[in-house]
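The values are calculated or read from the model by the stated rules, or taken from the named source; none is laboratory data. Note that the structure is predicted; figures quoted are calculated from it, not measured. Using ideal geometry, Cβ is built from the backbone for each residue, glycine included, and neighbour counts are taken over all protein chains shown. Quick note on the areas: whole protein, heavy atoms, side chains included, nothing else; ligands and nucleic acids left out. Shrake-Rupley method; radii C 1.70, N 1.55, O 1.52, S 1.80 Å.
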Amino acid sequence: MNQQRRVAMVSGGSRGIGRAVALELARDGYDVSFCYRSDEQAAGELEKSLTEIGARMLAVRADVVDPEAVRSWVSRTESALGPIDLVVNSAGITRDKPLLMMTDDEWHSVLDANLDGVYNVCRAAVFGMMKRKSGSIINISSVSGVYGNPTQTNYSASKAGIIGFSRALAKEVGRYQIRVNAVAPGFIDTDMTSGLSDKAKQNALAQIPLGRLGRAEEVAGLVSYLASDRAAYITAAVLQIDGGITI
Ligand code: NAD
């Protein structure tokens, strides 16, 4: 086993920001274990790209809402690749509606995937990091969690929850030399935003001083920096990457 390579886990790795993060980390020299919910084809394509970069990798079909599936993903990662140095939680969903029209299911499914998912992955991975007295956790929140966004009470609550969770955990595990940070992207051009109406996109663009959506690779660059030793003194932070959006 190559002792120089570090090991990263990325949830929601098959698409969008998670996929860009997995590729960036592989280029940084990480071996990468990613989980995905259902898209076998996208997962297969990412496997191929990671292998071409030269990373060892593991792709596991696991729903982050299911604690047992997440525990199994963590233990399979440790068996296949070694101790986990970095966890990036990118799995997430939206179910946008004005509150009065929101169903209980739309509320709970977003909280389950976005917030319970982060809890499940961190809960399963952090003990190994504590034993080794090192590690880094990066949770993908959103500007919606910082400022709130209309029609996104469920999503904004889940993403604000991630910020509180990350800061609390950072304070709990700092003495084990584990850093925990949140990244709060603005509008990023992925499948998540591709379904927005032209009007919603125009409204968003009007609020972005840089005048364009962000790219998944730009978020991956920030995650790469936060994971690196250059960010060794950054913890409990919420870093926005949003083109200056004011929502
Ligand atoms: P995306 O829809 O392109 O990808 C989301 C990924 O998460 C997919 O691979 C999906 O399979 C996975 N996923 C969803 N639920 C899951 C579950 N229960 N278990 C396992 N995997 C699951 O979206 P994206 O834009 O890449 O978003 C990634 C993260 O960034 C999300 O947490 C999202 O909330 C956050 N974010 C995105 C934007 C944006 O504008 N795109 C802005 C702010 C924050």
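For the chain, the spread of Cα positions along the three principal axes, ordered from largest to smallest, is 52, 38, 35 Å. Under 25 Å of direct C-alpha separation, and excluding same-chain neighbours fewer than eight residues apart, LYS133 reaches these lysines: LYS171.
Residues in the chain average 48 Å² of solvent-accessible surface per residue, probe 1.4 Å, ligands and nucleic acids excluded. For the chain, leaving out every one of the trypsin sites (Lys or Arg not before Pro) that falls in a DSSP loop and has at most 12 other Cβ atoms within 10 Å, the longest unbroken run is 1-132.
Please list, short to long, the whole-number percent of alpha-carbon pairs of segment 138-246 in consecutive 10 angstrom bins beginning at zero. Per 10 Å bin, starting at zero, the Cα-Cα P(r) for segment 138-246 comes out as 15, 43, 31, 10, 1 percent.
Put simply, the amide H of VAL88, placed in the peptide plane, has neighbours under 5 Å in MET9, VAL10, SER11, ILE138, leaving out anything fewer than 5 places away on its chain. With Cα atoms as the point set, segment 69-203 shows a radius of gyration and Dmax of 16.4, 51 Å.
Each residue of segment 218-230 was assigned a 3J(HN,Hα) from its phi angle through the Karplus curve 6.51 cos²θ - 1.76 cosθ + 1.60 (θ = phi - 60°); the sequence is 6, 5, 4, x, 5, 4, 4, 4, 4, 6, 7, 5, 5 Hz, with glycine and proline shown as x. With 0.36 nm allotted per residue and the present C-alpha distance subtracted, the GLU45-ARG61 stretch has 4.4 nm of extension available. Shape analysis of segment 185-240 yields a ratio of the Cα radius of gyration to the Kirkwood radius, Rg/Rh, of 1.08. The convex hull around the C-alpha trace of segment 20-63, projected and averaged over every direction, spans 2.6 square nanometres. Of the accessible area of the chain, with the probe set at 1.4 angstrom, what percent is carbon plus sulfur? Carbon with sulfur: 51 percent of the solvent-accessible area. Relative contact order for segment 21-103: 25 percent, from Cα pairs under 8 Å spaced at least 6 residues apart, divided by residue count. Just so you know, the Rg over Rh for segment 36-85 is 0.99, from Cα atoms, with Rh as the Kirkwood radius.
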